Amino acid sequence: MENNNQNNKNNKKKHHRRWNNKRNSKKEVVENIQENEVIEESPVAEEIVTIGYAEENLDFLEETEIEEIAPVQKVVDENEEKVEVVGVRFKKVGKVYYFAPEGIVAKKGDFAIVDTARGPEFGEVFIPNKFVGISEIVPPLRTVTRIATPEDIVHNEENNKKEKEAFNICLGQIAKHELDMKLVDAQYTFDNSKLLFYFTSAGRVDFRELVKDLAAVFRTRIELRQIGIRDEAKLIGGLGACGRPLCCATFLSDFVQVSIKMAKEQGLFLNSSKISGTCGRLMCCLRYEQDTYEYEIARTPSVDSTVKTPDGIGTVIETHPLTGLIKVKFNDKSEQAPKVFHRDDVKIIKSQKNPDKE
């Protein structure tokens, strides 16, 4: 009995030692990452995932198709506190961020230096001074430092040239380290205190040695961030299936919500090559006509509904919501071919959407 108790105590001690060793090893990895990486919110790129090579079970955040969400009607509170803001964007087609003008009057198209989470940044004024409800801003509201001077504009152009050189150098370093990653873009902060590289990869990438080599070359802080394939298409650009430049790279400031349900309601052929964009995800343009389709579908009798037509009672076998036409098969005239009617010319007897409706 005593021997069994002693064995149990020894096993527990071994188990605790193994657990502590495992926990300490994870802690060391996390500490190493914190020394080589800085995780901050970027005001420049949308939907960006900062990658950390830390815990063993860390999985990358992947984009998923977002199911349709019913629009929420915004209630305007006239008594809500108002704050003055200026809307600034950092890329030609990018999300607009609000900043406090602090007495500065900015016009649309002006260039401005603003304070961001990663330091001063150069941006374009897209929304001039206006007052918005406090619920529309994300505190703390950072400030507009100044309207850009000619020297600021020249400095920004120099940064753009440096970014192209940095991109090519990083490509060489990636090949040297034989890393499974695709470099997409390189961006300097306005004050050159930080250099960011955006990349895509199918899996987790340990880029710590790459960061060290890049820091030795550029003598500044280095950040590598993994982005999704939709962000990649937005940054690189290209032509869509319609032959026009990609919507996300020309006028969409943010990605819209799309789902396979939209393709079904619009009567599209559910073939991935037909409804997917260049990025491989569902095409953003599926959203453009969705509101119209929903409105017209609500007005049109659904398939299998029983309707009364000028030629008799029948069952709807096909619908065309945009034109308002429906094809009806007559119940008591099996020999008669189905006929097409306009939805305004029929009366619903039993709706398939609402079977209780008569």
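Some notes on this structure:
- Ranking of 161, 327 by count of other Cβ atoms within 10 Å, fewest first: 161, 327
- Lys, Arg +1 and Asp, Glu -1 on Cβ, resulting dipole of segment 82-152 about Cα centre, debye, nearest 20: 300
- Ordering 108, 95, 339 from the fewest to the most neighbouring beta carbons within 10 Å gives 108, 339, 95.
- A DSSP coil position with no more than 16 other Cβ atoms inside 10 Å describes the following chymotrypsin sites (Phe, Trp or Tyr not before Pro) in segment 178-266: 251.
- Debye, to nearest 20: dipole size of segment 301-350, +1 on Lys, Arg Cβ, -1 on Asp, Glu Cβ: 80
- Inter-centroid distance (Cα atoms) of segment 132-167 relative to segment 270-288, Å: 33
- The tail of the calculated P(r) for segment 198-337, taken as Cα-Cα distances beyond 27 Å, holds 50 percent of the pairs.
- When the GluC sites (Glu not before Pro) in segment 130-206 are filtered for DSSP coil states and for at most 14 other beta-carbon atoms within 10 Å of their beta-carbon, the remaining sites are 178.
- For segment 182-195, putting each phi into the Karplus relation 6.51 cos²θ - 1.76 cosθ + 1.60 with θ = phi - 60° gives couplings of 10, 6, 10, 7, 10, 9, 8, 6, 4, 8, 6, 7, 8, 10 Hz, in residue order, rounded to whole numbers and with x for Gly and Pro.
- Cut-off under 5 Å, modelled amide H: who pairs with residue 146 long-range: 113
- Cβ-based exposure ranking for 99, 122, in which fewest neighbours within 10 Å come first: 122, 99
- Counting only Cβ charges, +1 for Lys and Arg and -1 for Asp and Glu, the dipole size of segment 155-230 around its Cα centre is about 140 debye.
All of the numbers you see were taken from the coordinates with simple rules; none came from a lab. Not measured: the values here are computed from a predicted model. Note: ideal-geometry Cβ built from the backbone for every residue, glycine included; neighbour counts use all protein chains shown.
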